[in-house]
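Here the structure is laid out as C-alpha cells; the discussion comes afterwards.
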Amino acid sequence: MPAKIPESVLVVIHTPALEVLLIERADKPGFWQSVTGSLDAPDEPLLSTAARELFEETGIVADGGRIALCDWHLSNIYEIYPVWRHRYAPGVTHNTEHVFSVCVPRETPIVLSAREHLQHVWLPHVEAADRCFSSSNAEAILQLPRRVARRLPRRLNDAS
C-alpha cells in the first residue's frame, strides 16, 4: 500500500437543527469522528476529496444542489497520532487538514463503510464535540453555529 499523503479533509455533517453525525472508527472502537480522509493524489482538488470521502464513508452524495459541500477555507496542521504514522512515508509527523461541512436532512440514509466504521449517531452539536477524540474535529463542530449563521444572509439574498 502506498504511503498516505499528509493532507486531508474533515467533513462535518449536520442537520439544519445543528445535529451532527458522528461515526465510530472500526480500527479504534470508541473513537468517534466526522468524515475524514486523505487526498488520493497530490493534485486531487480538495472539494473532490471531500465529496469522495463523504460518499465512501456515509453513502451521502454531495450533488451541489440540495446537498452541497461548504469549504470553510480553514486548515489545521496537527501531529499525526503515533498509532497511525506507519501509514505515511518515514519521517512524516504532521498532517494538514482542510475543513468542510455539509447540511443534510435528518432522515438522510447513512450507509457506513463496514471496513472503516462500526456505527453512527446523530447528536446535538455540543454533545458531538464532546464525543470527538480529535480536538480539531471538536473545534470545527463548535464553530458550526457561527459558520451556518454566516451563510444564511447570502442564501436569503440569493433567493430574492
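Pairs please, first residue from segment 6-32 and free of Cβ contacts under 8 Å to residues at least 40 places away in the same chain and closer than 15 Å to residue 53 by Cα, second anywhere and of a type outside the set (Ser, Thr, Tyr) and open to solvent by less than 50 Å² (accessible area, probe 1.4 Å), Cβ atoms under 8 Å, 6+ apart in sequence or on different chains.
Close Cβ pairs (under 8 Å, with a partner that is of a type outside the set (Ser, Thr, Tyr) and open to solvent by less than 50 Å² (accessible area, probe 1.4 Å)) do not exist here.
Open to solvent by 60 Å² or more (accessible area, probe 1.4 Å), touching a helix residue (DSSP H, G or I) at 6+ places or on another chain (Cβ under 9 Å) and more than 18 Å from residue 147 (Cα to Cα) - does that describe any residue in segment 78-100?
The answer is yes; a qualifying residue exists.
Run down 38, 8 and say which single residue is at pLDDT 95 or above, of a type outside the set (D, E, K, R) and in contact with a Leu (Cβ under 9 Å, 6 or more places away or on another chain).
8
Residue under question is residue 75, and the condition is that it be of a type in the set (S, T, N, Q), open to solvent by 40 Å² or more (accessible area, probe 1.4 Å), closer than 24 Å to residue 42 by Cβ and touching a residue at least 24 places away in the same chain (Cβ under 8 Å); does it hold?
Considered against the rule, which asks whether it is of a type in the set (S, T, N, Q), open to solvent by 40 Å² or more (accessible area, probe 1.4 Å), closer than 24 Å to residue 42 by Cβ and touching a residue at least 24 places away in the same chain (Cβ under 8 Å), residue 75 comes out as yes.
Return the residues of segment 108-123 that are outside any strand (DSSP E or B), open to solvent by 40 Å² or more (accessible area, probe 1.4 Å) and modelled with pLDDT of 95 or more; say none if nothing qualifies.
109, 111, 112, listed by residue number.
Test residue 92 against the criterion of being within 20 Å of residue 27 (Cβ to Cβ) and either modelled with pLDDT of 95 or more or assigned to a helix (DSSP H, G or I) (or both), and give yes or no.
Taking the combined requirement at face value, the residue satisfies it.
Condition check ((1) out of contact with any strand residue (DSSP E or B) (no Cβ under 8 Å at 6 or more places or on another chain); (2) open to solvent by 20 Å² or more (accessible area, probe 1.4 Å); (3) within 22 Å of residue 118 (Cβ to Cβ)) across all residues:
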residue	(1), (2), (3)
2	yes, yes, no
7	no, yes, no
11	no, no, yes
16	no, yes, no
21	no, no, yes
27	yes, yes, yes
33	no, no, yes
37	no, no, yes
43	yes, yes, no
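The values are calculated or read from the model by the stated rules, or taken from the named source; none is laboratory data. A quick note: this is a predicted structure, and the numbers were derived from the prediction, not measured. Note: ideal-geometry Cβ built from the backbone for every residue, glycine included; neighbour counts use all protein chains shown. Protein only, heavy atoms only, side chains kept; ligands, DNA and RNA dropped before computing areas. Shrake-Rupley method; radii C 1.70, N 1.55, O 1.52, S 1.80 Å.
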